[in-house]
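Participant: Structure incoming, see below.
Just so it is clear, none of the values below were taken in a lab; they were calculated from the coordinates. Predicted model only: the values in this text are computed from it and were never measured. Every residue, glycine among them, receives a Cβ derived from its backbone with ideal geometry; neighbour counts consider all protein chains shown.
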Amino acid sequence: MSERGLLIVFSGPSGVGKGTVRQEIFSTPDHKFEYSVSMTTRPQRPGEVDGVDYFFRSREEFEDLIRQGQMLEYAEYVGNYYGTPLSYVNETLDKGIDVFLEIEVQGALQVKKKVPDGVFIFLTPPDLEELQDRLVGRGTDSEEVIAKRIERAKEEIALMREYDYAVVNDEVALAAERVKRIIETEHFRVERVIGHYDNMIKATVKR
Ligand code: 5GP
């Protein structure tokens, strides 16, 4: 009997380091889940590969896919669309393989409505000073933009209550390890295996 895979949604506030922790998780082969490559309309950065880092598409193409109902979720973030193509997720889950999404919070909340039995993991900053240091360290934003991002991060942190797990990103390797352990343990939840045992009991022949 092949169970459907779990949909794992890894999310958290802007600037918390979701991408870095995700890369750390996938840098070693000790996991069974697959990464769902997102689609975006933002320009490709140097070193990024189409189909590996993202599917880079035009706004028109992206909006067509939205209209055709082919996105599991999508959000507009800093003027660009980001979204999860539905077909890859469904096909992979149907094969019994877990799928890992790394997405921002608005998208995660959409997935929660559509797939309530997904595993929702929220990455948190150890504190707001740390987040501010990280945003300043990137060197890409003005003081005013950083202040706005911090305000937004506070609102986003409050959304943690919609998730199943909170993981602190105090150290990348540790955070990655915690996420992997959560996913492993999730498979042992009684509600996820009870169907199998119910069938086993029903199929038992009386002697
Ligand atoms: P970046 O442009 O730095 O690669 O990503 C910006 C933000 O978009 C990050 O917070 C990232 O997690 C989020 N993101 C990446 N892919 C998706 C997606 O498919 N859906 C949503 N909602 N957000 C995404």
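Participant: Using a Förster distance of 35 Å, how high is the FRET efficiency between Val37 and Glu143, based on the Cβ-Cβ distance and rounded to 0.05?
Facilitator: Working: r = 34 Å, r/R0 = 0.98.
Rounded to the nearest 0.05, the efficiency is 0.55.
Participant: Can you tell me the orientation of helix 172-186 relative to the chain, as the angle in degrees between its alpha-carbon axis and the longest Cα principal axis, to the nearest 10?
Facilitator: 30 degrees
Participant: Could you list the square roots of 5 times each eigenvalue of the Cα gyration tensor of the range 154-207, that is, the equivalent ellipsoid semi-axes, sorted largest first and rounded to whole Å?
Facilitator: 38, 15, 4
Participant: Also, quick follow-up: Can you tell me the FRET efficiency between Ala166 and Ile66 if r is taken as the Cβ-Cβ distance and R0 is 45 Å, rounded to the nearest 0.05? Let's see the in-between values first.
Facilitator: Working: r = 30 Å, r/R0 = 0.68.
So, using R0 = 45 Å, E works out to roughly 0.90.
Participant: Whole number please: convex hull volume per residue, Cα atoms of the chain, in Å³.
Facilitator: Hull volume normalised by residue count: 142 Å³.
Participant: To the nearest 0.05, what FRET efficiency results for Thr28 and Val78 with a Förster distance of 22 Å applied to their C-beta separation? Intermediate results must be reported in sequence, preceding the final value.
Facilitator: Numbers: r = 31 Å, r/R0 = 1.39.
Here the calculated transfer efficiency is 0.10.
Participant: Still on this structure, please answer the following. To the nearest 10 degrees, how steeply does helix 143-158 sit against the main Cα axis of the chain, on a 0 to 90 scale?
Facilitator: Approximately 20 degrees, to the nearest 10.
Participant: Hey, another quick one. I need to check one value: relative contact order of the chain, counting alpha carbon pairs closer than 8 Å and at least 6 residues apart, in percent.
Facilitator: It rounds to 30 percent for the chain.
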